[in-house]
Amino acid sequence: MTSDEIRQNFIDFFRRHDHTFVPSDSVIPADDPTLLFTNAGMNQFKDIFLGIEKRDYVRAVNSQKCIRVSGKHNDLEEVGKDTYHHTFFEMLGNWSFGDYFKSEAITWAWQLFTDVWGFEPDKLWASVFAGDPADGLPPDTDAEKLWLANTGIPPERVLSFGRKDNFWEMGQVGPCGPCSEIHLDLGPHRCDKKDQPDHVCRVNGGCARFTELWNLVFIQFQRDEKGNLSKLPANHVDTGAGFERIVAVLQKKNSNYDTDLFAPIINHIAEITGKSYTGKLGAQNDNAFRVIADHLRMLTFAIADGATPGNDGRGYVLRRILRRATRFGLLLDMHQPFIYRLVPTLVDIMGSIFPELTRRIHHVENVIQAEEQSFLRTLERGIDIFEADVARLRQENLTELPGEKAFRLYDTYGFPLDLTQLMARERNLTVNVDGFNKLMEQQRRRARASQKDLAYQADALSAQLPATDDSLKYQTDNCPAKLLGYILEDQYFTDGQVPAHAKVGFVFDRTCAYAEAGGQIGDHGRVSFDDKTFTFDDTQRIGEATVHLGSTDSPNISVGEQATIHIDPARRDTRRNHTATHLLQWALQQVLGEHAHQEGSLVGPDYFRFDFTHPRPLTPEQIRQVERLVHEKITAADPVAAAVLPIDQARKLGAMALFSEKYGQSVRVLAIGADNPDQLDHAFSREFCGGTHVANTRDIGSFKIIREESVATGVRRITALTGRALNDMLYQRSDQLEQIAALLKTNPDQLADRIQNLLHENKKLKKQLEKGAGLDLKAAAQKLLDDARTVGETKIIIGSFPQASPEAIRSQIDWLRKKAPSSVTVLASRTDNDRVQLFAAVTNDLIESKNLSAGDIVKNIAPLVGGGGGGRPQLAQAGGKNPQNIPHALDAARKLIAEKL
């Protein structure tokens, strides 16, 4: 069977048992601050388990894209070392939301394995939860009895294990429960611990003979931020089967990497690198093949779903993974970008199942290629830092690189610890691994603490808050409402008086305020209670509740009081800007192509930002084209309509969705160019959008792009103004032009000519100054040549040099080499900002006969001035921050050169 057939078998089996097929969620979690990446099939159903959300089905089946690279579920360091750990994988799963429970889950799992996929029953083992006294949990005897009664498996093949193996938790907080696993005995020949005398092959015994294939989780509890367990309102089933492992078994492969999911990628790596893959564990080249193939999958799916490499959060994780793959590419002698070339092969394998890969293939290629190029440059800088650290160790007669130095290389330059250790071994040095691990653990603790705080706010409150009717946000700026409760210091109160002058969050039965979502900021305004007022400066969504955040201006506001909510008039400007973002996306796709997809936005009353996929800066002409198209649509006075549709119908209309947003079974479609909600197919712009908008494009008034910049690899950002804010800016610019014209003693119409004349005069003066400076440099070079020490036929030219540009100093070095055909030159210059420039040059005869290298000289002396650098044997350059140490650096150069000559 092919992998596609195996996946479809699973889905069809549960469809026959009345399960609804739910497409895979994005690997970028929406509305869940506790997760960097979707790491399990149940992530998109979390709110159902918590009782926060209801859907129109109680049974579901899917194949979920998952990433595990950080936190509790972290498989990163094992990838490549074995045949089955991955950073990206598919999780086959079936779910029951308060419907069936343990009996059906166990029975169907057994039937699928034995009747559909043909697993031999006598090779299958089951495990159940043994209980945990610390949590007050008894053994799961129900599951044990059901295995024996429903499947016919013998008692000796149903084993009990503790919390580590058979109690599943999503994270620090959240739904959890006992689990029951199905393991497959692959046979004694698969044991990889035969050389260990005390080893016994068994389930969860740590060898490759037994492999876990399916985990049936019986979700019964919720763990809170204090670690306490409480019963959920209903029992649920969440199962997860590792797709790659199942494919390997059914295709009779010893390794996941030999299946049709990986083999084409492995073959393409071999073709590009010219290396062979043998499939051996522990072989350096084979490990590199596996790591690159795995990391390619993770990167491609994450970027296709809207993630971008960066310096924080999931962006930083992506950057680390890509750098790790690039580093393993170096082991295959790949010193130029190549990973991006593998993307089409992966799309050929999985694009039909996950069409987002096909749609965004060029964007993914561009992002990966740019990151590869960037890291190969960063790698050189990191090696320079490493060499500077080594030079300091040599001076102090030390042989161990401190842990903080190794951690800096890891954290800043993306050097895995094993790379630093390898480089150290080549220089007969060791690395303080304990110090490195200590800093790593501190970093992990900070991350865990941050996640725990976020989880509390997201989950603990949402379960308590009542739903708010916010349908009026599209209709009016004022509405009556009843105060149902308030949030104070992360606690929700449903009675009593609200403390005066306190920062609180008010929850009403209904509201006309828009809660922050989809890039649009939350509304602000005021609430009037007869003679009392509450001013709110933000509106947020927690669960199904709209929370108005602000300060109580008056005492004696009581829960249960009637009030009137008034939205700030600035909201009209927010509407203009939000509709303008839709016009902008349409215009960008007309000018740049359909690859220009929204990656994010910030829509407020004063301006808006719009992030979109594009590999390079927009040209001035492209910006003008985009502005002209938007202005044409504003002038055309096109109507704006909205309708709530089933998500499948909205997609058939061609409505665009934001990759990072989470959508339900029904979505609101915003259409520009449609006279009414029944004519959405007439619109030229259709997008999923829950934001507030103008009724007609003419209400936007005006539009101007004021900035276009890069925010991440392959992602550009446009900042633009409309309406009132644009008029204010134009008045300000006009005043500035008048002031500048007055300073230059001309009028605004002649400013360009006046500035051109000034630039021409400045250029002439600069040439005159450079001519004088050049004479000074030539004189300084001549003096150094006259004072040079001679050893045989060789001139040793060492000294300080006047301040000048690097180009000017290199020009004088070229002159010195012509005057002294056998020479070694070391120059130090102090810059205006109190920095150091170091230069070294060696003629070819000394490189060959004396093994002298300009790069080695610079690497050895740069640390003495607090810097680093390097270069070729003929010419090298470095910088530093301690000019007072220039004499020491030059003395060290003299000593080093003397030893060689």
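Since every read-out is calculated from the coordinates, none of them should be taken as a lab result. The model shown is predicted, which means the values in this text are computed figures rather than measured ones. We place every Cβ from the backbone using ideal geometry, glycine too, and count neighbours over all the protein chains shown.
Couple of notes before you dig in:
- Whole-number percent relative contact order across region 12-139, with pairs defined as alpha carbons under 8 Å at least 6 apart: 21
- Whole-Hz couplings from phi, Karplus 6.51/-1.76/1.60, listed for region 472-481; x for Gly and Pro: 6, 5, 8, 10, 8, 9, 9, 7, x, 7
- Anisotropy class of region 471-568 from Cα gyration tensor, a/c 1.5 cut: prolate
- Anchor Lys767: lysines whose Cα lies under 23 Å away (excluding residues fewer than 8 positions away in-chain): Lys778
- 3J(HN,Hα) along region 182-192: 10, 10, 10, 7, 7, x, x, 5, 8, 5, 10 Hz, from the Karplus curve 6.51 cos²θ - 1.76 cosθ + 1.60 with θ = phi - 60°, whole Hz, x for Gly and Pro.
- Spatial separation of Cα centroids for region 147-212 and region 681-708, in angstrom: 56
- Average Cα contact separation per residue, region 672-774, under 8 Å, 6 or more apart, as relative contact order %: 13
- In order through region 534-539: 3J(HN,Hα) via Karplus (6.51 cos²θ - 1.76 cosθ + 1.60), integer Hz, x for Gly, Pro: 9, 9, 10, 10, 7, 9
- Under 5 Å from the amide H of Ser160 lie the amide H atoms of Val128, each residue being 5 or more positions distant or on a separate chain, with H modelled from the backbone and absent for Pro and chain starts.
- Reachable lysines, given that their alpha-carbon falls under 26 Å from the alpha-carbon of Lys633 and they are not under 8 places away in the same chain: Lys473, Lys652, Lys704
- Nonlocal amide H pairs with Phe262, under 5 Å, H built at 1.01 Å: none
- Shape call, region 91-229: gyration tensor on alpha carbons, a/c limit 1.5: oblate
- Here the gap between Leu439 and Lys164, fully extended at 0.36 nm per residue and compared with their Cα-Cα distance, gives a gain of 96.4 nm.
- A viscosity of 0.692 mPa s and a temperature of 37 °C, combined with the Kirkwood radius over C-alpha pairs in the Stokes-Einstein formula, give the chain a diffusion coefficient of 101 µm²/s.
- Neighbour net charge for Ala563 - beta-carbon separation under 9 angstrom, K R +1, D E -1: 0
- log₁₀ of I(q)/I(0) at q = 0.07, 0.08, 0.10, 0.11 Å⁻¹ - region 3-257, Debye sum with one point per alpha carbon: -0.23, -0.30, -0.48, -0.58
- Cβ-based charge dipole, the chain, positive-most Cα from Tyr486, Gly714, Ser374: Ser374
- Out-of-range pairs (alpha-carbon distance over 18 Å; input Lys164/Lys231; Lys819/Lys859; Lys193/Lys252; Lys405/Lys438; Lys859/Lys900): Lys164/Lys231; Lys819/Lys859; Lys193/Lys252
- In region 283-398, Cα pairs under 8 Å separated by at least six residues give a relative contact order of 28 percent.
- The chain: calculated mean residue ellipticity at 222 nm from DSSP helix runs of at least 4, using -39500 (n - 2.57): -12000 deg cm²/dmol
- Taking a ≥ b ≥ c as the square roots of the Cα gyration tensor eigenvalues, region 573-731 comes out oblate, since a/c reaches at least 1.5 and a/b does not exceed b/c.
- Residue ranges 38-51, 748-761 sort as 38-51, 748-761 when ordered by packing (mean number of other C-beta atoms within 10 Å per residue, highest first).
- A full extension of the chain between Glu761 and Glu594 corresponds to an added length of 55.4 nm, given 0.36 nm per residue minus the alpha carbon distance.
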